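S.K.: Following this message is one structure expressed as structure tokens.
Just so you know, all these numbers are worked out from the coordinates, no wet-lab data involved. Values in this document were obtained by computation on a predicted structure and should not be read as measured data. Positions of Cβ are generated from backbone atoms using ideal geometry, with glycine treated the same way; all protein chains shown enter the neighbour counts.
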Amino acid sequence: MNFRDNRNIEQVCENIYLVTAPQRGQFPYCHSFLFTGDENILLDAGTDENLVKEIDESIGIDTLLISHSHPDHIRRWCVLSHRRLLLPVETPDTVFNIEELGRRYVGTRERGLHWVEAIGKPLGIEALREPDGRFSNGEIIENGTCRIEAIHAPGHLDDHYCFFEHNTGTLFTTDIDFTSFGPWYGNPEGRIDPFIESVRRVMKIPYKRVCTSHKPVFEGDATGRFDAFLAAFYRQRNEVLLHIGVGKTLRELVEISPFYRNRFFDIKIQQYFEEHMIEENLRALIHDEIIGEYQGRYFVI
Ligand SMILES: [Fe+2]
């Protein structure tokens, strides 16, 4: 069967295809992108397992390119374990051990073990193997038809990358994803300021269309989407500020759950992620002298 006949595979432009993930690409899935040419390259492995197998059997995927080491982007990498694996140069060796990976996502060994049970195992996440190659900022990955520039875009995660395909003007912003949740920086590596800087940098690239990992392809000028994504950093900050009221501890703010609104499927993991996102915003609010902290309580100045 020709992979192009599959209704979940959509041509974006010449030699580039969107491989649509289940649940419209929402976590714990992510869309993949296929670059066809002398070599066939798949960007990220967070889509349906059978779909990846079907493409591989139809045309042969030569290379799996990983944008960053989040579970929804590496989830089906094992299907292509016999193919060339390319990882960012910044991806730490903790990705080679599932418990270490868990610790990296949530900060401590004990929390990491819970991540393995609550997310790692149920989603079938396996530790990555040593890659066949690493890419770094500015490097061009070519396959005869596409020239894919790797753009390091930290903030979401230290090893988070966007990509720009020069021949078609297609920008892949991966988890600068235009979702209604807004920017996500819930791991210990998550940082607001580098994240904002990354968004501002990639939105200046002279693209013709923008592909994200969790939304449909956006044709044309996406400035409005980027601006809305940037504005969401301040919306999140204001949500924390609003809940501080006459004074709150970090624990109390985490229990209020201003971002997840207590709707994540595992409450402990939600609290680990949300705690970090709240701390990042508290740090920014203290820096801007909007709030202060006294004996563990935060209050508006
Ligand atoms: Fe991510």
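S.K.: Would you mind checking Lys248/Lys268; Lys121/Lys268; Lys215/Lys248 for any pair whose Cα atoms are more than 24 angstrom apart?
M.R.: Lys215/Lys248
S.K.: Could I ask something else about it? Given springs between every Cα pair under 10 Å in a Gaussian network model of the chain, which of Gly60, Gly182, Gly245 has the largest fluctuation?
M.R.: Fluctuation is largest for Gly245.
S.K.: Let me ask something additional. Select from the chain the helices, each a whole stretch of DSSP H, whose alpha-carbon atoms run 20 Å or more along the helix axis and whose Kyte-Doolittle mean is at least 0.0; answer none if there are none. Provide the component values of the computation, followed by the final result.
M.R.: Numbers: long enough: 223-244 (32 Å, 0.04); 267-287 (29 Å, -0.40).
Helices meeting the criterion: 223-244.
S.K.: For a footprinting-style exposure proxy, rank Glu126, Glu280 by other Cβ within 10 Å, fewest first.
M.R.: Numbers: Glu126 16, Glu280 21.
Exposure proxy ranking, most exposed first: Glu126, Glu280.
S.K.: Another question, then. Explain nothing, just the number: dipole magnitude of the chain about its Cα centre with +1 on each Lys and Arg Cβ and -1 on each Asp and Glu Cβ, in debye rounded to the nearest 20.
M.R.: Details: 33 positive and 47 negative charges, 149 e Å.
The calculated dipole for the chain is roughly 720 debye.
S.K.: May I ask for the net charge around Pro131, where only other residues with Cβ less than 13 Å from the Cβ of Pro131 are counted and Lys, Arg are +1 while Asp, Glu are -1? Before the final figure, lay out each step's value.
M.R.: Values: positive: Arg83, Arg84, Arg129, Arg134; negative: Glu90, Asp93, Glu130, Asp132, Asp159.
Summing Lys/Arg as +1 and Asp/Glu as -1 gives -1.
S.K.: Where Rh is the Kirkwood radius over the Cα pairs of the chain, the temperature 4 °C and the viscosity 1.567 mPa s, what D in µm²/s does Stokes-Einstein return?
M.R.: Numbers: Rh = 19.9 Å.
Value of D from the Cα-based Kirkwood radius: 65 µm²/s.
S.K.: Would you please state the base-10 log of I(q)/I(0) at q = 0.11, 0.14, 0.19, 0.20 1/Å for the stretch 162-301, with intensities from the Debye formula using one equal scatterer on every alpha carbon?
M.R.: These q points yield log10 I(q)/I(0) values of -0.46, -0.69, -1.07, -1.14.
S.K.: A further question follows. Only Cα pairs under 8 Å and at least 6 apart count here; give the relative contact order of the stretch 242-300 as a rounded whole percent. Working shown, then result.
M.R.: On the way: 54 pairs, mean separation 27.4, N = 59.
For the stretch 242-300, the relative contact order is 46 percent.
S.K.: Next question, about the same structure. Based only on Cα atoms, what mean projected area does the convex hull of the stretch 1-160 have, in nm²?
M.R.: Numbers: hull surface 36.1 nm².
Average projection, Cα convex hull of the stretch 1-160: 9.0 nm².
S.K.: Here's another thing I want to ask about it. What whole-number distance in Å separates the alpha-carbon centres of the stretch 1-54 and the stretch 80-116?
M.R.: 24 Å
S.K.: What is the local net charge at Ile291, summed over the other residues whose Cβ is closer than 15 Å to its Cβ (Lys, Arg +1; Asp, Glu -1)? Kindly include the intermediate steps, with their values, before the conclusion.
M.R.: Details: positive: Arg237, Lys248, Arg283, Arg297; negative: Glu239, Glu252, Glu279, Glu280, Asp288, Glu289, Glu293.
In short, -3.
S.K.: Right, another one. So what's the gap between the Cα centers of the stretch 128-201 and the stretch 256-270, to the nearest angstrom?
M.R.: 26 Å
S.K.: Under a cut-off of 13 Å between alpha-carbon atoms, report the aspartates and glutamates in cross-link reach of Lys204, not counting same-chain residues fewer than 8 places apart.
M.R.: Correct list for Lys204: Asp221, Asp227.
S.K.: What is the order of Asp56, Asp193, fewest Cβ neighbours within 10 Å to most?
M.R.: Listing Asp56, Asp193 from fewest to most nearby Cβ atoms yields Asp193, Asp56.
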